[in-house]
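Engineer: Dumping the structure here so I can ask a few things about it.
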């Protein structure tokens, strides 16, 4: 393949890829790639995502590099979009060779981000959740909910889901989509009811505001909280008192302190970085009564891992199309001449 041709994975091809491999297996594999990359954390360039905020949402770029490959994701977050029949989150991503700067993959990442977000949640819970926890409260039953459910089933062995959303139609949608998953599903009438008997709680709501999805009295000892929805300044889901009782685990503190639940706390409040847990440099869960919290905001290395996984898949799965993306003149000093010759050929 010539250097100017870049493999492009469209939405249609991404869906074919996911259905060929299976969502659960794909999220297991992505989690493996993420853990492997987090274990070599120090080899990556790291920076908080570059965000452009507005009154109605945010548009972000998420770059990183391991010195051999460079990756970035474009992603937005616009909670109002659902009212117009649009996605809250859309994304695409690119992987390139550091040596030449030439792209080697361009792909949709709306579906891929949903997969990697859920894979990261379940990977963190594998290290942090109480042993033997098989029941999860899933509060917020929108676009991310089914992915979270299936990732926790595949990676953590969750078998029972207790579902709640302020929009009953979202819960019914989630239950309908998960009907064939083999999980036991219970619709709940409140967040409090959803928490009953759960060893794990996942919050993934979408409102862009300071919210209190969980209050302190709802969280008993020993629970693991997977807080997914709070992912930008001014958007949280947990009461501050919960944070003061919990052991908090994060991806990249400089980003999470701006965007995560811990934006409610002092800048020096102690947190543990997950890469240290994965390598054994820091403890995850220490005892049965500890409250653990994964303050999830999403970090560029996770997207890099997902891109690297898809790039590897394309070696054996024909789910891409060639994209003529990079100008590639015979003489690299004669870009204008290439343009003139194209005009002459067209004539």
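Engineer: Grab every C-alpha pair in the chain, bin the distances at 20 angstrom width from 0 up to the longest one, and report whole percents.
Structural biologist: Percent of Cα pairs in each bin: 30, 56, 12, 2.
Engineer: Tell me, what is the percent relative contact order of the stretch 118-298, built from C-alpha pairs under 8 Å that lie six or more residues apart?
Structural biologist: Working: 393 pairs, mean separation 42.0, N = 181.
It rounds to 23 percent for the stretch 118-298.
Engineer: Let me know the whole percent of all Cα-Cα pairs from the stretch 125-237 that are separated by more than 18 Å.
Structural biologist: Numbers: 2819 of 6328 pairs.
Above the 18 Å cut-off, the stretch 125-237 has 45 percent of its Cα pairs.
Engineer: Normalised by the number of residues in the chain, what is the relative contact order in percent for Cα pairs under 8 Å and 6+ residues apart? Can you show the working numbers first?
Structural biologist: Values: 699 pairs, mean separation 72.7, N = 347.
Relative contact order here is 21 percent.
Engineer: Also: Nearest 10 degrees is fine. How inclined is helix 335-346 to the longest principal axis of the chain, computing both from alpha carbons?
Structural biologist: Once rounded, the angle reads 70 degrees.
Engineer: Taking the chain as the reference, fit the longest principal axis to its C-alpha atoms, fit the long axis of helix 168-177 to the helix C-alpha atoms, and give the angle between the two in degrees, 0 to 90, nearest 10.
Structural biologist: Between helix and principal axis, roughly 70 degrees.
Engineer: Could you give log10 I(q)/I(0) at q = 0.22, 0.26, 0.32, 0.34 Å⁻¹ for the stretch 280-321, computed by the Debye formula over C-alpha point scatterers of equal weight, without solvent?
Structural biologist: -0.83, -0.94, -1.05, -1.08
Engineer: Take the Cα pairs of the stretch 1-143, get the Kirkwood Rh, then feed it into Stokes-Einstein at 20 °C and 1.002 mPa s and tell me D in µm²/s.
Structural biologist: Numbers: Rh = 17.3 Å.
D, rounded to a whole number, is 124 µm²/s.
Engineer: Please report the spacing between the Cα centers of the stretch 94-118 and the stretch 58-84 in Å, no decimals.
Structural biologist: The two parts, judged by their Cα centres, are 10 Å apart.
Engineer: Something else about it: Over the C-alpha atoms of the stretch 176-334, what are the Rg and the largest Cα-to-Cα span, Dmax, in Å?
Structural biologist: For the stretch 176-334, the Cα-based Rg and Dmax read 20.7, 69 Å.
Engineer: Another question, if that's okay. Which semi-axis lengths, in whole Å and largest first, follow from the square roots of five times the eigenvalues of the Cα gyration tensor of the stretch 237-312? Could the numbers behind the result be given before it?
Structural biologist: On the way: eigenvalues 115, 53, 22 Å².
One finds semi-axes of 24, 16, 10 Å for the stretch 237-312.
Engineer: Related question: When the helix-only estimate is applied to the chain (DSSP H runs of n ≥ 4, each -39,500 (n - 2.57), divided by the residue count), what is the mean residue ellipticity at 222 nm, nearest 500 deg cm²/dmol?
Structural biologist: Values: 11 runs with 118 residues, N = 347.
That comes out to -10000 deg cm²/dmol.
Read-outs throughout are calculated quantities, based only on the coordinates presented, and are distinct from any laboratory measurement. None of the values given here were measured: they were computed from a predicted structure.
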